Amino acid sequence: MKSSEIRQRYLNFFEKRGHTIIPSASLIPTDEKGVTDNTLFNTAGMQPLIPYLLGEKHPKGTRLVDSQKCLRTTDLDEVGDNTHATFFEMLGNWSLGDYFKEDSIKWSFEFLTSKEEGLGLDPKRLYITVFEGDENAPKDTEAFEIWKKYIPENRIYFMGAKSNWWSAGDNGPCGPDTEIFYDLTENGLGDLTKEEYIQADDRQDVVEIWNNVFMEYKKEDGKIVGKLPAKNVDTGAGLERFTAVVQNKKSIFETDFFKDLIGEISTFSKDEKSSRIIADHMRSSVFMISEGILPSNSDRGYILRRLIRRMVFNTVENSISDEKIERLISILINVYDGAYPEIEDKKGEIKKVISDEVNKFKETIQKGLREFEKISDKNISGKDAFILFSSYGFPIDLTKELAEQKNISVDTDEFEKEFKNHQELSRSGAEQKFKGGLAGNSEQELKYHTATHLLHAALHEILGPDANQKGSNITPERLRFDFSHGEKMTDEEKQKVEDWVNDKISKKLPVIHEEMSYNEAKEKGATGLFEDKYGDTVSVYSILDGETVVSRELCGGPHVENTGVLGKFKIKKEEASSAGVRRIKAVLE
C-alpha cells in the first residue's frame, strides 16, 4: 500500500464516521486573524486547532480530520536514524466536545486492523499504554476497560505522565493519553510483561504508531488550573511511521516517501546516513520554500539555510548540481502526486532558491574550511564558532561535526549567547513583522498602512504575481516593505511602481472594509492566508476603482477611508533584505 493510499484511507475512514476533512494549515503558524505569530513552525497536528480545543466553535463542526504538514528541528542531530525527520505529516482526527474515549479507541482499532477500510495490521502485534494517574488526574481505568474489548489485558500497560500525558506546552489544553505500539520483529514478540514491553520499546522492536489524547484539562504557566469547557479528543498518527509499518520497513527512509529520492542521492552522498540527511532536508526545504520561506540568517530563513547547507556538507564534493536539484524536486512532486499542489506550482522558484543557496555556500565553504583549520588546533570557543557562522556561513552543527572528527570540543553555550545577541539586533523589526507591521494608530501611520496595500498591488502589476509580501514595518515617518523578488529592481521599474501608486492616490479611491466568510474572500480574489481553521469570518480591505478591484487583502486594519488623503508616494530606497527578498523604504510627501 503506497503512502498516498494510506493518507486517503485515513481521511475516508473518518469522513464516513461524520468527520469533515479540512485542509492542512500552513507550516507557518497564524493566529485566528491570519497574522503570523512568533512560533516558527507548526510542530504538531493539533497546533492550528488549539483555539477550538480551548472552547471556540469551529466553522466545520465538532468532528474533524486532516493530514497536517509539520516541521521540527529539535531532533536535527537524530535525522538519519530509522524514525526521525524534520518535515512530516501528522494524520489527526478530532472530537470537539462530541464523542470521547469509547468511539476514539474503537475507531483507532478498527482503522488499524480493518482490511477493507483501514490498514489491515495484525491485532496480535499491538500493545497499548494508558495513564496510571498522578496528582493532576486519576488513573485512566475507563480507557483500560474499553481497550480490553479489543486487546488482551496483559498487553495493556499503565504508564506515568512522562509517557502518557500530553500537553501543548506550559499553556493550553492537555490531558491523559493512550498510545498504540506495533511489534516490528520478524516472528512477533507475543505476550510481554510490563518490564519486557519497556525493554522492547527501548530496542525499538515495538514503535508507537498512534496517540489518542483525551483533553479535559487546561494548563497555565505549567500548572493544571482546571477543566476545559468540553471534553475533546485529539489524535495523532505520523504518516511516515504508518507507512513504514504497513510496507514492512524498519526505517521511514526505506518507504516510498524516500526510496527513489535516496536512490538518486546515493550517487553523490558520502554514505547511507548522509543520503538520508540530504533526502530529509531536501524534502523540508521544498515545502518551506513553497510557502514563501527564503534563506536568511534569522528566524525561519535561518532554519532553511541551515538545512540546505547541511545537505551540501553531506555530499562528496560539497556541492549539488542544478540538474540534480531539479531531478530531486521532480521526484518529490511525483511522490506527493497532487496532495500538495503548491510544490508543483512553484517548482521553478524552489529550484532557483535551492540552487542559489547551494552555489553561494559552495563559494564560501572553502574559505570557511581554511578558517576552521586556523582555529582547530585547540578546543573552539563560542565566539570563534559564531564567526564561522556569521562570516563564513557555517551552521554550528557543521562546526561540531568537523570538531568531532578532530576530537576537539566546541563551546556551544557561548555560541548560543553570541547568536542570541545577533538576533536581538533585528528583534524589533521581527516583532513588527509578526504584528502585521503596524505599531500604532496615528493618522500618518494609517496612511502608510493603506499605502503598503497600494505598493503591494503595484509590485504585482509591475514585477508579476510572485512579488509577494514578506514583512512590513510602519512608523509615522516612513513605511518599509519586504517582498519576494530575485533581483534588484531597475530604475525604470521603481518609477513605474511610484507612478502606479500615485495614479491610484490621485483618483481618490474608496477604501472599503468588509467582514465575510473565508470562502467568499477567496472567491473574490483577496490575498492573504486562507486557513479554515482560524474562524468563519475574516476582515477584508478593498480599494476599488469603479468596478475594478485595485487591491483586496485580508487585514486587521485600520486604514484611511479614501486614497486621496495619502499625499505623494516616493520610493527612497530599494535594497536586498535576504536571499530572494527585496526591501523598499518609501515616504508620503
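The values are calculated or read from the model by the stated rules, or taken from the named source; none is laboratory data. These figures come from a predicted structure and were not determined experimentally. Here Cβ is always computed from backbone atoms with ideal geometry, including for glycine, and neighbour counts include all displayed protein chains.
Numerical summary
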| read-out | value |
| --- | --- |
| All helices (runs of 4 or more DSSP H) inside segment 305-419 with 3 or more residues being farther than 30 Å from Ser24 by Cα and in contact with a Ser or Thr (Cβ under 6 Å, 6 or more places away or on another chain) | 382-392 |
| Selection status of Tyr336, in the same structural domain as Ser285 (by TED's automatic domain parsing), more than 17 Å from Ser296 (Cβ to Cβ), among the aromatic types (Phe, Trp, Tyr) and in contact (Cβ under 8 Å) with a residue 12 or more places away in the chain | yes |
| Residue count, segment 79-102 (criterion: within 24 Å of Pro23 (Cβ to Cβ) and of a type outside the set (Gly, Ala, Ser)) | 11 |
| Among residues of segment 233-245, those that are over 20 Å from the mean Cα position of the chain (by Cα) and modelled with pLDDT of 95 or more, counted | 2 |
| Odd one out for Glu357 among (1) surrounded by fewer than 20 Cβ atoms within 10 Å (Cβ to Cβ); (2) closer than 20 Å to Ser321 by Cβ; (3) of a type outside the set (A, V, I, L, M, F, W, C); (4) within 28 Å of the chain's Cα centre (by Cα) | (1) |
| Failed condition for Ser104, given (1) more than 15 Å from Ile180 (Cβ to Cβ); (2) touching a strand residue (DSSP E or B) at 6+ places or on another chain (Cβ under 6 Å); (3) touching a residue at least 60 places away in the same chain (Cβ under 8 Å); (4) not aromatic (Phe, Trp, Tyr) | (1) |
| Cross-chain or 6+ apart pairs with Cβ under 6 Å, segment 309-322 first and within 12 Å of Ser275 (Cβ to Cβ) and assigned by TED's automatic domain parsing to the domain that holds Ser296, then part of a loop (DSSP other than H, G, I, E, B) and not aliphatic (A, V, I, L, M) | Asn314/Lys270; Thr315/Phe268; Val316/Phe268; Val316/Lys270 |
| Every pair of residues 6+ apart whose Cβ atoms lie under 8 Å, when the first sits in segment 482-495 and is under 20 Å from Ala451 (Cα atoms) while the second is assigned to a loop (DSSP other than H, G, I, E, B) and of a type outside the set (A, V, I, L, M, F, W, C) | Phe483/Asn468; Ser484/Gly292; Ser484/Asp466; Ser484/Asn468; Ser484/Gly580; His485/Asp466; His485/Gly580 |
| Criterion violated by Ser4 - all others in (1) of a type in the set (Gly, Ala, Ser); (2) assigned to a helix (DSSP H, G or I); (3) surrounded by 20 or more Cβ atoms within 10 Å (Cβ to Cβ) satisfied | (3) |
| Test: residue in segment 45-61 that is of a type outside the set (A, V, I, L, M, F, W, C), surrounded by fewer than 16 Cβ atoms within 10 Å (Cβ to Cβ) and touching a Pro at 6+ places or on another chain (Cβ under 7 Å) | yes |
| Pairs with Cβ under 6 Å, 6+ apart, first in segment 243-258 and within 16 Å of Phe181 (Cβ to Cβ), second hydroxyl-bearing (Ser, Thr, Tyr) and not in a loop (DSSP other than H, G, I, E, B) | Val245/Tyr182 |
| Failed criterion for Ala230 (all others in (1) modelled with pLDDT of 90 or more; (2) part of a loop (DSSP other than H, G, I, E, B) hold) | (2) |
| Among the residues listed as Ser26, Ser95, Ser67, the single one being over 25 Å from Arg310 (Cβ atoms), in contact (Cβ under 8 Å) with a residue 40 or more places away in the chain and under 21 Å from the mean Cα position of the chain (by Cα) | Ser67 |
| Selected residue (only one of Asp503, Asp482 is within 25 Å of Lys570 (Cβ to Cβ) and in a helix (DSSP H, G or I)) | Asp503 |
| Counted residues, segment 167-182 - those being free of Cβ contacts under 8 Å to residues at least 60 places away in the same chain and crowded, with 18+ Cβ neighbours inside 10 Å | 7 |
| Residue list for segment 319-342, restricted to those being more than 26 Å from Gln68 (Cα to Cα) and among the β-branched types (Val, Ile, Thr) | Ile320 |
| Residue check, His460 touching a strand residue (DSSP E or B) at 6+ places or on another chain (Cβ under 6 Å), at pLDDT 90 or above and under 15 Å from Ile584 (Cα atoms) | no |
| Unique match (being surrounded by fewer than 20 Cβ atoms within 10 Å (Cβ to Cβ), at negative phi and under 22 Å from the mean Cα position of the chain (by Cα)) among Ser330, Ser285, Ser290 | Ser330 |
| Qualifying positions in segment 389-426 - at pLDDT below 80 and among the small types (Gly, Ala, Ser) | Ser390, Ser391, Gly393, Ser426 |
| Residues of segment 384-410 satisfying the condition of being of a type in the set (S, T, N, Q), over 20 Å from Ile308 (Cβ atoms) and surrounded by 17 or more Cβ atoms within 10 Å (Cβ to Cβ) | none |
